[in-house]
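The values are calculated or read from the model by the stated rules, or taken from the named source; none is laboratory data. A quick note: this is a predicted structure, and the numbers were derived from the prediction, not measured. Here the Cβ positions follow ideal geometry from the backbone for every residue, glycine too, while neighbour counts run over all protein chains shown.
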Amino acid sequence: MNYLKKELYNLVKSDDTVFEFIQSNSLDGMWYWDLENPENEWMNKRFWETLGYNPENMPHKASAWHNIINQNDLELATANFKKHLSNPKHPYDQVVRYTHKNGRTIWIRCKGFAIRNNKGEPIRMLGSHIEVTNLKEQELFLHRCNQEAHIGYWELDVSNKTVSWSETTKNIHEVDGDYQPSLETGINFYKKGYSRKRITELVLNALEKGEGFTEELQIVTKLNHTKWVKVIGIPEKNNNSFKRVYGTIQDIDLLKTNQIKLKQSEQAFRGSFENAAIGMAILDVNGKWLKVNQTLCNILGYTAIELHELTFQDITHPDDLDLDLHLLKQIIAGKRDHYKMDKRYFHKNGHIVYIHLAVSVVRDTNNDVLHFVSQIVDITLIKEQEMRLEKIISITKEQNERLKNFAHIVSHNLRSHSGGMAALLGILKSEQPELFNNEMVQLLETSSQNLEDTIADLSEIVQINMLSKETLTNIPIKPIIDQQIESILPLAEINKVKIKNNIPEDLEVVGIKAYLDSIVLNFITNAIKYRSKDRDSYLNIDYKKNSTYTSIEFTDNGLGINLDLHKKKLFGMYKTFHRNEDSKGIGLFITKNQVEALGGKIEVESTENIGTTFKVNFRNEKN
């Protein structure tokens, strides 16, 4: 052992100040951990000072730093720690992130080794902290810059016969992340002809003569895209020969393309600006019109010379000016790069012009504003139409309220009067029954009953149309169908109609129980009412479900309906298609209104003398 090294060891053992100097000045933190009592850990002052904390206030506990270390890094460090404990040759060495007391991220290189007893069991852990924040931030910044600039790294090692590409280099070549290049395949990416010949020459010169290079060449990617790239190569000398070349490759295809297109773009912009169907203008930072096209002059009524003497503030409606200026200031401050708004200008003749404005900014190389580009669309006609539409909507809303009031009169007030008429006829019939032998009185009684039935139908329809979706809930449908089948079972048996309910127990639909009872009962009784007397009758109730609707399907083999004749009026009020005495033509009308009030719809398939399927589609969700 070197005598100075031995002397230093002895000084550390005998003089505490030597150890204090080493651990205070050579490291950014030091810790000593009791693995047998894991909560106990000594951290020196430098440990906490590096992280911004007062060492006097911090306990010597392992848990003291758990909340300020990055939790993902803690997980990796814990895994590495376990590997080190099980295998002393596995180094405990990783970079982790801590949160400084002031909130910023501190990068720490944490190194340590386990101290073991005579059985080889780890009992203590000694470790050190080295702050590498500046280095890590520079590394991340460089990586970010390279990514943003599309710059990748490459290396050719002739001794090992290996070629390495960075992730960005692979992205430029459009190959997979696990792609392994070779010298031959790497060169073959260069476009056949000049680019491939030139890169071969440059690499050979670098290896044979030690000549570095910077060249712009074309490659053809794995996805067959041709790109311009800038390649830099740096040869490395070792033992009087060049066995390694490394460098960068940058995707400059967009830059090259833009250089070619720039002049064309300027010409195209000039032509588009002058001949655009919308108003266009260039303004300075103070809002002065620098350049305007003829369309804008036509919109505002000014000549170009007249506008050049004005600012946009001069012709903007005062109520719109503050918002316009606020958005413009945000662009100048760099908080946004464009904005859109609807606003009003004063025409030269004094009337209001409504316009849709889109403003973008052009900056110089110092990011200072050069000028603004404004696109201006005249929306005066649209605004006038919107105002007319709002007026129509207001009138329609008022009319709807009146109709609703009228519906209340029909469903409530008239029902009271019709009920009174029916009651008077009832009294008259009980006191003077002989009067009801008169045909006119009989017609009066029939008309009274018909009026009462009609008002009841209208009342039910009014209630349906006033339904609120807030009252809808998910309801199991099978028990409702079973209940309705049971209620009309004697009728079905008398008419020899077999009804089969194939709906599962857990199927639910969105609705109101009273409506579901009515809907199901109507389709079941219709199947019985319009059965065919020429064959055994049945009604099968099945279901289908998709992402939007649950469809309950009622399929019978009854009389059927000629849809070519009746489809458009099938659900009309008081429409009938068979000559049954009890057919009133109100059932399907009310049922359709009920289904639609629940947010659903009805579909029908039918063939005369074959049968009918009604598909009642209930929504799966309220909205």
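Residue-by-condition table, conditions (1) surrounded by 14 or more Cβ atoms within 10 Å (Cβ to Cβ); (2) at pLDDT below 90:
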position: Asn10; (1), (2): no, yes
position: Thr17; (1), (2): no, yes
position: Asn37; (1), (2): no, no
position: Asn44; (1), (2): yes, yes
position: Thr50; (1), (2): yes, no
position: Ala77; (1), (2): yes, no
position: Leu85; (1), (2): yes, no
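Just to be sure I understand the filter: pairs with C-beta atoms under 8 Å, separated by 6 or more residues or on different chains, first member in the stretch 106-131 and under 18 Å from Leu74 (Cβ atoms), second member polar (S, T, N, Q) and part of a strand (DSSP E or B). Which pairs pass?
Pairs found: Ile106/Thr99; Arg109/Gln94; Cys110/Gln94; Cys110/Ser128; Lys111/Ser128; Gly112/Ser128.
Which condition number in (1) buried (at least 19 other Cβ atoms within 10 Å of the Cβ); (2) at positive phi is the one that Gly279 fails?
(2)
Here is a yes/no grid of residues against (1) of a type in the set (Ser, Thr, Tyr); (2) under 22 Å from Val158 (Cα atoms); (3) in a helix (DSSP H, G or I); (4) outside the structural domain of Asn240 (by TED's automatic domain parsing):
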site	(1), (2), (3), (4)
Thr168	yes, no, yes, no
Ile172	no, no, yes, no
Tyr179	yes, yes, no, no
Ile187	no, yes, yes, no
Ile199	no, yes, yes, no
Leu204	no, yes, yes, no
Glu208	no, yes, yes, no
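Applying the selection to the stretch 34-59, what residues are free of Cβ contacts under 8 Å to residues at least 12 places away in the same chain and polar (S, T, N, Q)?
Listed by number, the residues that qualify are Asn37, Asn54, Asn57.
Quick check on the stretch 229-239. Is at least one of its residues of a type outside the set (Val, Ile, Thr), in contact with a Lys or Arg (Cβ under 9 Å, 6 or more places away or on another chain) and under 18 Å from Tyr153 (Cα atoms)?
Yes, the stretch 229-239 has at least one match.
Conditions first: (1) in a helix (DSSP H, G or I); (2) touching a residue at least 40 places away in the same chain (Cβ under 8 Å); (3) of a type outside the set (Gly, Ala, Ser). Lys329 passes all but one, so which condition is the exception?
Result: Lys329 fails condition (2) only.
Looking only at the stretch 488-541, how many residues end up being buried (at least 16 other Cβ atoms within 10 Å of the Cβ), of a type in the set (Val, Ile, Thr) and not in a strand (DSSP E or B)?
Matching residues across the stretch 488-541 total 8.
Got a sec? Which of Glu208, Glu201 is within 22 Å of Lys256 (Cβ to Cβ) and acidic (Asp, Glu)?
Testing whether each residue is within 22 Å of Lys256 (Cβ to Cβ) and acidic (Asp, Glu) leaves just Glu201.
So which residues in the stretch 106-161 are of a type in the set (D, E, K, R), outside the structural domain of Tyr246 (by TED's automatic domain parsing) and modelled with pLDDT of 90 or more, if there are any at all?
Selection gives Arg109, Glu121, Glu131.
If you take the residues in the stretch 53-90 that are touching a strand residue (DSSP E or B) at 6+ places or on another chain (Cβ under 8 Å) and in a loop (DSSP other than H, G, I, E, B), which one is nearest to Arg124 (Cα to Cα)?
Pro88
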